[in-house]
1. Report the FRET efficiency, 1/(1 + (r/R0)^6), for Glu292 and Ile262, where r is their Cβ-Cβ distance and R0 is 25 Å, rounded to 0.05.
2. Between Thr228 and Ala152, what is the spin-label point distance in nm, taking each point 7 Å from the Cα along the Cα→C-beta axis?
3. For labels at Asn75 and Arg340 in the simple 7 Å Cα→Cβ model, what's the distance in nm?
4. Kirkwood Rh over alpha-carbon pairs of segment 98-207, then Stokes-Einstein at 4 °C and 1.567 mPa s: what D in µm² s⁻¹, rounded to an integer?
5. So which trypsin sites (Lys or Arg not before Pro) in segment 274-375 are both in a DSSP loop and have at most 14 other Cβ atoms within 10 Å of their Cβ?
6. To the nearest whole percent, what portion of all C-alpha pairs in the chain is separated by more than 39 angstrom?
7. Three principal axis extents, largest first, for the C-alpha atoms of segment 267-372, in Å?
8. Residues of segment 270-300 with backbone nitrogen within less than 13 Å of a virtual label 7 Å along the Cα-to-Cβ line of Asp349, please, listed as ranges.
Amino acid sequence: MSWTSIIGQKQQISVLQKAIETGRLPHAYLFTGPEAAGKENVAFELARTLNCRTGRENPAEGSCGACPDCQQIANFLHPNIEYLFPIEAALLEAGETAKKENKKSIEVKERYEELIEEKKQNPYFTPAMERSMGILSEQIVALQQKALYMPAAGKRKIFIISQAERMNPTAANKLLKLLEEPPAHIMFMLISSRPESVLPTIRSRCQVITFNRPTQTELESWLSQNRTDIAETEISFIVNFSRGNLALAWELINRNGSTDNIPAIQLRNLAIEYLRLMLTPKRFHEALNLSETHAKNLSKKELTLFLGALLLFFQDINHRIIAPGYKPLNNPDIETSIDRFASNFPNPDFLAISTATEEAIRSIDRNAAPLLVLSAWTAEIRKLILAK
């Protein structure tokens, strides 16, 4: 593995390397920044580095990725590494005897294992169980018990807490007690895209490192150096479509041929079909009916991706209208659809369209009613596109 496996984040890695070299690692980090920027991947690389058998002679270089410790961490089996994320309470229930309860327990465990498996395949994936009420106090109690024991062979026990802002109040207060008197052999790494929602007293006890999404140049450079099997045209597609979202970029990097099974691509295609229906004469009422279906069936995250995909689509159309030969498209795989739209609707107010779409995304992020937001956005966008 090593630090070279990380996409971007050179300044952040330098800070961590210096802390390792000088032996001045804090007892707690808070990694903040946008979702899918690589925060958790860096946390796991630091955990590997501090437990890697081969890398202990020069830990600033990072982990080897091949020793038994690195392999155990990659498989979420290392005794020194604890990884927490929001889970369902049923996963923690013990002593169930009724068949129905046993069946429920098995199903919950299967859902949990599926998330872990996806995390193994995609280091930028952020797992959370759909029916979770957040990070539970029982999970932090388990950490408190594990903190009593010294690490097994390695230098540090690492507690990685994903989506730290989702700790319920009781869990947050229990963690605070642990952070107030931390055992010397424990390092905490809290990961959060919304640090303002983390208890201030917890934040004050952590060294904060802020991450940014890698630039297109950084992602393109990493791909050129580390994935020589990918053609330049494919690299361009990955870089432009992912827009720094490394979870999506990783799916695109490791897809098997077609992109049709990638959720973000499916949402993009769904959004474009919705746009097409919205602009088809005498079918606007169908689009409004479909908005109800989407508002009901798509999660908040999916709705923001749905609208965000249209922002990128509109950007491509604008570029093609201004310069018909423009090549670095966000959606190079649907170039024909972009050109057809540009030909059929040559005079949209793209500034107003972008403003309305970004406002709809912000409204959904602020937990506005999805149906009201999507319905209002649909009516406004149609008017802006069809205006002469």
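1. Between Glu292 and Ile262 the formula returns 0.45.
2. Rounded to a tenth, the inter-label distance reads 3.9 nm.
3. 4.9
4. Working: Rh = 15.6 Å.
The calculation lands on 83 µm²/s.
5. Details: sites: Arg276, Lys282, Arg283, Lys296, Lys300, Lys301, Arg320, Arg340, Arg362, Arg366; in loops: Lys282, Arg283, Arg366.
The qualifying sites are Lys282, Arg283, Arg366.
6. Result: 26 percent of Cα pairs exceed 39 Å.
7. 40, 30, 25
8. none
The values are calculated or read from the model by the stated rules, or taken from the named source; none is laboratory data. Every value quoted in this text rests on a predicted model; they were computed, and no experiment measured them. Note that each Cβ is placed from the backbone with ideal geometry, even for glycine, and that neighbours are counted across all protein chains shown. We work out accessible area using only protein heavy atoms, side chains counted, and drop any ligands, DNA or RNA first. Shrake-Rupley method; radii C 1.70, N 1.55, O 1.52, S 1.80 Å.
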